[in-house]
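Asks: The structure follows.
None of the figures in this text is laboratory data; all of them are computed from the coordinates on show. Since we're looking at a predicted model, the values are computed, not measured. Positions of Cβ are generated from backbone atoms using ideal geometry, with glycine treated the same way; all protein chains shown enter the neighbour counts.
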Amino acid sequence: MRAADRTLFEDMKILRELAQEAGKLAQSFMQGDNQAETWHKTGGSPVTEADMAVNQLCADRLTQFRP
């Protein structure tokens with residue numbers, strides 16, 4: 001296997017695991033009667049605390065694995 005193929009395979013594994021972790025994190029904000037706090041961005045589109053947490057998780061993990 002070429003080095004580039006190995007790197008691509010590793011990246012896909014990292015992204016798959018990150019997507020699963022991010023999904024679990026997002027779902028944790030909606031369990032039971034909990035509702036994630038919501039704000040509105042410029043332009044009116046909503047963003048929740050779950051969105052912010054998932055974004056931070058992704059940024060942290062991606063810079064950890066591929067600085």
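Asks: Return the label of the correct value of Rg and Dmax of the Cα atoms in Å, as calculated from the structure shown, out of (i) 15.6, 50; (ii) 13.4, 40; (iii) 14.3, 45.
Replies: The value matching this structure is (i).
Asks: Relative to the first principal axis of the alpha-carbon coordinates of the chain, what is the inclination of helix 3-28, with its axis defined by its Cα atoms, in degrees from 0 to 90 and to the nearest 10?
Replies: Between the helix axis and the principal axis of the chain, the angle is about 20 degrees.
Asks: Less than 13 Å from a label point 7 Å out along the Cα-to-Cβ axis of N55: which backbone N atoms in segment 22-39 qualify, by residue?
Replies: Label zone hits: 38-39.
Asks: What's the angle, to the nearest 10 degrees (0 to 90), between helix 49-65's Cα axis and the longest principal axis of the chain?
Replies: 20
Asks: Excluding F65 itself, calculate the net charge of residues whose Cβ lies under 15 Å from the Cβ of F65, where each Lys or Arg counts +1 and each Asp or Glu counts -1. Write out the running numbers ahead of the final one.
Replies: On the way: positive: R6, K13, R16, R61, R66; negative: E10, D11, E17, E21, D60.
Once positives and negatives cancel, what remains is 0.
Asks: Which part of segment 39-66 falls in the paramagnetic zone of M30, meaning amide N under 20 Å from the point 7 Å along Cα-to-beta-carbon?
Replies: Label zone hits: 39-41, 45-58.
Asks: Turning to a different aspect of this structure: Give me V47, V54 ranked fewest to most by other Cβ atoms within 10 Å of their Cβ, as a rough exposure proxy. Walk me through the numbers before you get to the answer.
Replies: Details: V47 14, V54 19.
Ascending number of Cβ neighbours within 10 Å: V47, V54.
Asks: Looking only at K13, K41, K24, which one moves most when the chain is put into a Gaussian network model with springs between Cα atoms under 10 Å?
Replies: Judging by the Gaussian network model, the answer is K41.
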